[in-house]
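**Q** Sharing a structure below in structure tokens format, with a few things to ask.
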Amino acid sequence: MAGESSHNRRNILVCFIGTFCLFLVGSSTVLVFLASASGVLPRNTQVGLLTFALSATLSIVISLVGIPIGFTFMYFFGGVVSTKAIKLYLFVTRGTHVIGSKTSELSAVQASHGLKLKLRRQIMYFGFIVSVVVPFASYEAKHKDIPFFSPLARTTDIVSLITQDFVTLTMTASLMLPLVALALPYFGGLRLRSIDVGPFHTTVLSMVIGASGGFSLLYTALTRPMLSVLAYVFLLLIGVCWCFAIGCNLAADPANRHIAHIVLAEKVSSRVVSSKIWLENPPGKFREV
């Protein structure tokens, strides 16, 4: 137990160092943009100190906004809504899903407690969230400046304004998070096997990422934005998406426990069941698949 607690503290430290580093990249991107725009940054501004101050501010403020959003969406949409969405999906497709645990019995998942921050899961969630959120934000950037900056005289005003813009950006980007959260639990500690139908989680992510990416390509073909603009949006968002991923990561185990509770309470005739699938190969020898 002590070793697990120490491991969890180490992961928390790594994740928050990663938060600062990613916002350092985003802050540098913003300030380079501002420095290239005449009349925005005061002439006596020390860009290096301003970058670190902005990074520290964003790491605290956006973490306080983005992590609770990620946690709430992951638990509600990933834990509560996903099983209902699976049942609707299976009702339409006439298939069956077998939900189990990758590391232990499903009952053990239900009996577990506490919050865990896992680095492998963090990287996985971060990749999925970025792939959906960035194309959406690229479209939004066409219709309004994300973020928008006006000339200011004092450095503190610049930090305050950019922070406010990042909060707005975080709230806008979070609109796509519920769709991703539906599928995330089944890429973590849970195992989903499908019978006579495609797996729900990969189907959802394929549709969401495919639609988001296809829309982004269509938008690119029609508006022909500069690659620098797309790169700018990406660099702005990586810190925000990382905070979303931390929230989803922390909520993954509570969401898994809720799913395990629902699945274990289902009847045998349900299309969402808890069981094991065994393969007989060679004859007389069985192995779980």
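The numbers here are math on the coordinates, done by the rules we state, and not lab data. None of the values given here were measured: they were computed from a predicted structure. Positions of Cβ are backbone-derived with ideal geometry, glycine not excepted, and every protein chain shown enters the neighbour counts.
**Q** Mark the label point 7 Å from the Cα of His7 along Cα→Cβ and return the residues of segment 75-102 whose backbone N is within less than 16 Å of it.
**A** What the label zone holds, given the 16 Å backbone N cut-off, is 102.
**Q** May I pose another question? Between Ser206 and Ala108, what is the label-point separation in nm under the 7 Å Cα-to-beta-carbon projection?
**A** 3.1
**Q** Once you place label points 7 Å from the Cα toward the Cβ at Ser36 and Leu119, how far apart are they in nm?
**A** Going by the 7 Å Cα→Cβ label model, 3.5 nm.
**Q** Along segment 84-93, what does the Karplus equation 6.51 cos²θ - 1.76 cosθ + 1.60 (θ = phi - 60°) give for ³J(HN,Hα), rounded to whole Hz, x for Gly and Pro?
**A** Once rounded to whole Hz, the list reads 5, 5, 5, 4, 5, 4, 6, 5, 6, 8.
**Q** How big is the gap, in Å, between the Cα center of segment 46-117 and the Cα center of segment 181-195?
**A** 12
**Q** I'd like the FRET efficiency for Ile195 and Gln46, computed as 1/(1 + (r/R0)^6) with the beta carbon distance as r and R0 of 45 Å, rounded to 0.05.
**A** Here the calculated transfer efficiency is 0.10.
**Q** For a protection proxy built on the mean count of beta-carbon atoms within 10 angstrom, sort 234-242, 111-119, 54-62 highest first, please.
**A** 234-242, 54-62, 111-119
**Q** Listed highest first by mean packing, meaning other Cβ atoms within 10 Å per residue, what order do 177-187, 81-91 come in?
**A** 177-187, 81-91
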